[in-house]
Amino acid sequence: MCGELLILGKSVFRHTQDLRADVKEMMAQAETADAEEDERYGDQRGDELPAELARRETRLKAIREAKRALEARTREKAAAEGGDPKQARPKDQDQYNFTDPESRLMKGSDGFLQAYNAQAAVEPVLQLIVGQTVTAASNDKEQLMPMVEVIEQQSGQRPDEILADSGYCSEKNLEALESAENPEQRIEGYIATERQKHGEYKEPCPRGPLPANASRVDRMRRKLKTKPGRSVYAARKTIVEPVFGQIKQARGFRQFLLRGIEKVRGEWSLVCLTHNILKCYLSLLIIPYAP
C-alpha cells in the first residue's frame, strides 16, 4: 500500500506541473490581451457606472450630508435659545452652501449674498483696530459682549465706553454692559436703538422723567437725545466708519478669497494688521508744527 501511494504521489506531482505551465501560458495570453485592449479602449474595467449616474450618486451623497448639517445646526440653535433640540426641525427656507458650508446667506448693501460677518472695534485717537474677528452670524445682536472679550484679549484692556450702531442694540446687551459685579468693569454704552434717521438726534430731548416701566432700550433712546449723548454718539462717524471705508474703498478689499471660517479669520486678521501698520506709519509722518 505504501508503494501505491508513492506512485500516486509522483503522478499527481507531474500533473500539477502541467497545470502550472498551462496557467502560466494562459496568464501571459490574458496580459497580452489586456495590454492590447487598454491601448485601444483605455484602462477602464468595463463595470464602471455611467458618468451621469455617478454624478447623481455623488450629488445625492452631498445632499444627504447637507441635510444632516442643517439638522445639526437647527438643534444647536434651538439649544442656544433654550428650546428642545429633539423637536427642532429645519425650516423650508433654510439653506446650505456646498462651496463654503460655514458661510451664511446675509443681506448686504447690494442685496443677499453668501458671506461672513467681519467685526472690528476701533480706538478714537489713531483709528487703530483694537479688536477684530469674523463670525457666521447674520446680524450683530449676539456680538456685542463677545467683542468686548475680543478687545480685552487682543488689546490687553477693557473698554470704558462703547459706541455702536443699532445692530448691536438689545435689552440683553444693554443689561450686560450695566450689570458687571465689579463697578469698574461696567461699560458706558452709547448704542443706537434703531437705524438713525437724518437729524433724528438733533431734536431736543423730551422733558420729564421716563415712565417707571421704561425698558433699557427706552432709556438708551432718551440718553442719545440728550446734549452729551448726541455729542458722544456723533463721534462714531469719525472713528469706525472711516476705517471700513478705507479698507473697502481705498484698499479695494470687498470679498474674502479663502473658504472656511478659520481661514477667513486669518485673512481678516491680516487685513486689520496691515491697516494698523499703515496708521502707525502715517502717525510718524505727522510732525507737529512748532512756531
Per the filter on segment 226-240, residues crowded, with 16+ Cβ neighbours inside 10 Å and of a type in the set (D, E, K, R) are ARG230, ARG236
Just the residues that are loosely packed, with under 15 Cβ neighbours inside 10 Å and of a type outside the set (A, V, I, L, M, F, W, C), please, taken from segment 241-258.
GLU241, PRO242, GLY245, LYS248, GLN249, ARG251, GLY252, ARG254, GLN255
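Would you mind finding the one in LEU163, LEU174, LEU126, LEU144 that is of a type outside the set (Gly, Ala, Ser), surrounded by fewer than 19 Cβ atoms within 10 Å (Cβ to Cβ) and modelled with pLDDT of 90 or more? Outline the logic, then answer.
Working: LEU163 fails: surrounded by fewer than 19 Cβ atoms within 10 Å (Cβ to Cβ); LEU174 fails: surrounded by fewer than 19 Cβ atoms within 10 Å (Cβ to Cβ); LEU144 fails: surrounded by fewer than 19 Cβ atoms within 10 Å (Cβ to Cβ).
Just a single option satisfies the conditions, and that option is LEU126.
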With the condition kept exactly as written, say whether any residue in segment 224-239 is hydroxyl-bearing (Ser, Thr, Tyr), at pLDDT below 90 and under 25 Å from ASP110 (Cα atoms).
yes
At pLDDT 95 or above and of a type in the set (A, V, I, L, M, F, W, C), is that true of LEU270?
yes
Can you tell me which of (1) assigned by TED's automatic domain parsing to the domain that holds ILE239; (2) assigned to a loop (DSSP other than H, G, I, E, B); (3) out of contact with any strand residue (DSSP E or B) (no Cβ under 8 Å at 6 or more places or on another chain) is the one GLU149 doesn't meet?
(2)
Quickly run through segment 254-271 and pick out the residues that are among the polar types (S, T, N, Q) and assigned to a helix (DSSP H, G or I).
SER269
Is there any pair with a first residue in segment 83-108 that is free of Cβ contacts under 8 Å to residues at least 40 places away in the same chain and within 20 Å of ARG64 (Cβ to Cβ) and a second that is in a strand (DSSP E or B) and not hydroxyl-bearing (Ser, Thr, Tyr) whose Cβ atoms are under 6 Å apart and which are 6 or more apart or on different chains, and what are they?
GLN95/LEU105; ASN97/GLN114
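The values are calculated or read from the model by the stated rules, or taken from the named source; none is laboratory data. Because the structure is a prediction, the values reported are computed rather than measured. Ideal geometry is used to build each Cβ from the backbone, glycine not excepted, and the neighbour counts take in all protein chains shown.
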